[in-house]
Amino acid sequence: MNTRHLTSFDRWIDSAQRALETVAGDPPAVRRNPAASQPDIVLDDAERRHAAGLMRINHVGEVCAQALYVGQASVARDARTREHLLHAAQEETDHLAWCADRLRELDSRPSLLNPVWYAGAYAIGLAAGLRGDGWNLGFVVETERQVEAHIDEHLESLPPADVRSRAILEIMKDDEARHADTAEAAGARRLPMPIPQLMAAASKVMKTVAYRI
Ligand SMILES: [Fe+2]
Ligand SMILES: [Fe+2]
């Protein structure tokens, strides 16, 4: 295999490029959009706006997942942990693209604050990464479990006719659960209190704002 030693400078350039692609670009999915096999049922205005608010939250969640994993990977000490994080980030790119597709179908747009969400999540990822690889993986587990829980809430709250958003969220939920299980098996540390509560509080703020902006 052709491997090359990455310098810190290479890693920073890579991180900056990924940030731009996530926030300003339109990264393509590798897997087929799960909504494609579902009918496009017309929603009334209130339903459409509510579904768009929820899908904008999910899109921001995926922007944050990218930022967290890229931030963590940029300071991961072990090559295997770094690979694990970047592989998870690749699957999150599918989620990001599917949510962006659905927002367009709902005549809506991603959050205007995506650069802010990205910067915040990247900083958190760096801070977690600098504490060591056990923490890095512990952070993945906690993030994925919290995302899984909020996807459950959204599956309950989506208008019943919005089967296209629902199809996307169901696959995302399975993926997030697998990401958490894999990180646990790779040696994640359990994060001490109050870190999980602080993460939940930060994500509550994000959800409230991203539903609208
Ligand atoms: Fe995701
Ligand atoms: Fe995930």
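Of note:
- Residues of region 136-152 include none that is surrounded by 16 or more Cβ atoms within 10 Å (Cβ to Cβ) and more than 16 Å from ligand 2 (Cβ to nearest atom).
- Among the residues of region 168-190, those that are within 10 Å of ligand 1 (Cβ to nearest atom) and of a type in the set (D, E, K, R) comprise Lys173, Asp175, Glu176.
- Filter result for Asp174 (under 21 Å from Gly134 (Cβ atoms) and within 14 Å of ligand 2 (Cβ to nearest atom)): no
- A single member of Ile195, Ile213 is farther than 25 Å from Thr22 by Cα, surrounded by fewer than 17 Cβ atoms within 10 Å (Cβ to Cβ), of a type in the set (Val, Ile, Thr) and more than 16 Å from ligand 1 (Cβ to nearest atom), and it is Ile195.
- Within region 69-186, helices (runs of 4 or more DSSP H) holding 1 or more residues that are under 21 Å from Ala19 (Cβ atoms) and among the β-branched types (Val, Ile, Thr): 79-105, 114-130, 133-157
- All of (1) surrounded by fewer than 20 Cβ atoms within 10 Å (Cβ to Cβ); (2) modelled with pLDDT of 90 or more; (3) part of a loop (DSSP other than H, G, I, E, B); (4) not aromatic (Phe, Trp, Tyr) hold for Ala46 with one exception: (3).
- Qualifying residue in region 80-91 (condition: more than 22 Å from Ala210 (Cα to Cα), of a type in the set (Gly, Ala, Ser) and surrounded by 20 or more Cβ atoms within 10 Å (Cβ to Cβ)): yes
The values are calculated or read from the model by the stated rules, or taken from the named source; none is laboratory data. For clarity, every value in this text was computed on a predicted model and none was experimentally measured. Here the Cβ is made from the backbone with ideal geometry for all residues, glycine too, and neighbour counts use every protein chain on show.
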